[in-house]
Ligand code: TMP
């Protein structure tokens, strides 16, 4: 990887220059942060699992016509993606109350919401990603009304599709965060596509039967077995990477 020029390093991923113009290599780290990086740690194997989980979900979404940045997986921790101009807005979709929503509105975690609720947060580490409305977003020119309409429509389609997909493997999609980017064609026309990742880092995923948390809340709340939760999501989706399968077999054999 050192041969490639580093374009950007975030908390959980690094972006390198891609092999062709308009492409980037997205590298998944094991680093985890929470509460705007006040809490830091390492979830060993997370990068490999998130690369594989995100590949699977983005591929399924492409098949149903949700445009996204994923091109192909390159290695255990790397995927080739389309370079986009990131819209500095995080779009959160919630189906069940949890996290900051439960705190803000005093609604017990686990309460089903009367309908899916879409929220916007401004991407700013200095400000701690404040919640914003369409008014702020358009007034400060972070995105145009048309961009936002596209983002909300795509986010709701992603929610419908992924809710069903996860339910099929015994998992409730409680909430998740999406990021979008702009791509320009040769005529200068702009299009909004889904970017970043979809993984247990960016979604709350609970077992349907037990409500066991199978996502980054295990790290945020010190619940233990964080790696095991990520691995369980990959296993249920049928995308446990070969390296992990080998490791799992090894540990199962050791336990015999
Ligand atoms: P919240 O309840 O903390 O606002 O989180 C809502 C969803 O967004 C949850 O699935 C976790 C995800 N999320 C991120 O991916 N990145 C973030 O920085 C935050 C705060 C939440």
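Within segment 68-85, is even one residue without any contact (Cβ under 8 Å) to a residue 60 or more places away in the chain, surrounded by fewer than 22 Cβ atoms within 10 Å (Cβ to Cβ) and within 12 Å of the ligand (Cβ to nearest atom)?
no
Among the numbered criteria (1) touching a residue at least 12 places away in the same chain (Cβ under 8 Å); (2) farther than 24 Å from residue 35 by Cβ; (3) more than 13 Å from the ligand (Cβ to nearest atom), which one does residue 166 miss?
Status for residue 166: all satisfied but (3).
Among (1) touching a residue at least 40 places away in the same chain (Cβ under 8 Å); (2) within 14 Å of the chain's Cα centre (by Cα), where does residue 19 come up short?
Here residue 19 clears every test but (2).
Any residue that is over 15 Å from the mean Cα position of the chain (by Cα), surrounded by 15 or more Cβ atoms within 10 Å (Cβ to Cβ) and within 16 Å of the ligand (Cβ to nearest atom) - is there at least one of those in segment 42-61?
Applying the first criterion (over 15 Å from the mean Cα position of the chain (by Cα)) to segment 42-61 yields 42-45.
Keeping just the survivors that are surrounded by 15 or more Cβ atoms within 10 Å (Cβ to Cβ) gives 43, 45.
Next, from what is left, pick out any that are within 16 Å of the ligand (Cβ to nearest atom): 43.
Yes, the conditions are met somewhere in segment 42-61.
Within segment 12-41, can you find the residues that are farther than 19 Å from residue 194 by Cα and within 16 Å of the ligand (Cβ to nearest atom)?
Of everything in segment 12-41, those that are farther than 19 Å from residue 194 by Cα and within 16 Å of the ligand (Cβ to nearest atom) turn out to be 29, 31, 32, 33, 34, 35, 36, 37, 38, 39, 40, 41.
Every residue in segment 94-108 that is near the ligand (Cβ under 10 Å from one of its atoms) and buried (at least 17 other Cβ atoms within 10 Å of the Cβ), please. Quick ask: steps written out before the conclusion?
Taking segment 94-108 as the starting set, the residues that turn out to be near the ligand (Cβ under 10 Å from one of its atoms) are 94, 97-104.
94, 97, 98, 101, listed by residue number.
Looking at this structure, is residue 176 within 12 Å of the ligand (Cβ to nearest atom), in contact with a strand residue (DSSP E or B) (Cβ under 6 Å, 6 or more places away or on another chain) and touching a residue at least 24 places away in the same chain (Cβ under 8 Å)?
Numbers: within 12 Å of the ligand (Cβ to nearest atom): yes; in contact with a strand residue (DSSP E or B) (Cβ under 6 Å, 6 or more places away or on another chain): yes; touching a residue at least 24 places away in the same chain (Cβ under 8 Å): yes.
For residue 176, the condition - within 12 Å of the ligand (Cβ to nearest atom), in contact with a strand residue (DSSP E or B) (Cβ under 6 Å, 6 or more places away or on another chain) and touching a residue at least 24 places away in the same chain (Cβ under 8 Å) - is met.
Anything in segment 177-193 that is out of contact with any helix residue (DSSP H, G or I) (no Cβ under 7 Å at 6 or more places or on another chain) and part of a strand (DSSP E or B)? List them, or say none. It would help to see each step written out before you state the result.
Taking segment 177-193 first, the residues out of contact with any helix residue (DSSP H, G or I) (no Cβ under 7 Å at 6 or more places or on another chain) are 177, 179, 181-191, 193.
Selection gives 177, 179, 181, 182, 183, 184, 190, 191, 193.
Can we say residue 156 is more than 13 Å from the ligand (Cβ to nearest atom), closer than 30 Å to residue 22 by Cα, touching a residue at least 24 places away in the same chain (Cβ under 8 Å) and part of a helix (DSSP H, G or I)? Reasoning before the result, please.
On the way: more than 13 Å from the ligand (Cβ to nearest atom): yes; closer than 30 Å to residue 22 by Cα: yes; touching a residue at least 24 places away in the same chain (Cβ under 8 Å): yes; part of a helix (DSSP H, G or I): yes.
So residue 156 fits the description; yes.
Does segment 121-130 contain at least one residue that is within 16 Å of the ligand (Cβ to nearest atom), closer than 24 Å to residue 64 by Cα and within 18 Å of the chain's Cα centre (by Cα)?
If we filter segment 121-130 for residues that are within 16 Å of the ligand (Cβ to nearest atom), which is where we start, we get 121-130.
Within this subset, residues satisfying the condition of being closer than 24 Å to residue 64 by Cα are none.
Scanning segment 121-130 turns up no residue that is within 16 Å of the ligand (Cβ to nearest atom), closer than 24 Å to residue 64 by Cα and within 18 Å of the chain's Cα centre (by Cα).
Every residue, every condition in (1) out of contact with any strand residue (DSSP E or B) (no Cβ under 8 Å at 6 or more places or on another chain); (2) over 28 Å from residue 31 (Cα atoms); (3) surrounded by fewer than 21 Cβ atoms within 10 Å (Cβ to Cβ); (4) modelled with pLDDT of 95 or more, yes or no:
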| position | (1), (2), (3), (4) |
| --- | --- |
| 181 | no, no, yes, yes |
| 204 | no, no, no, yes |
| 216 | no, no, no, yes |
| 227 | yes, no, yes, yes |
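Quickly run through segment 194-205 and pick out the residues that are in contact (Cβ under 8 Å) with a residue 60 or more places away in the chain, within 11 Å of the ligand (Cβ to nearest atom) and part of a strand (DSSP E or B).
Selection gives 204 alone.
The values are calculated or read from the model by the stated rules, or taken from the named source; none is laboratory data. It should be emphasised that the depicted structure is a prediction, and the values quoted were computed from it without experimental measurement. Here Cβ is always computed from backbone atoms with ideal geometry, including for glycine, and neighbour counts include all displayed protein chains.
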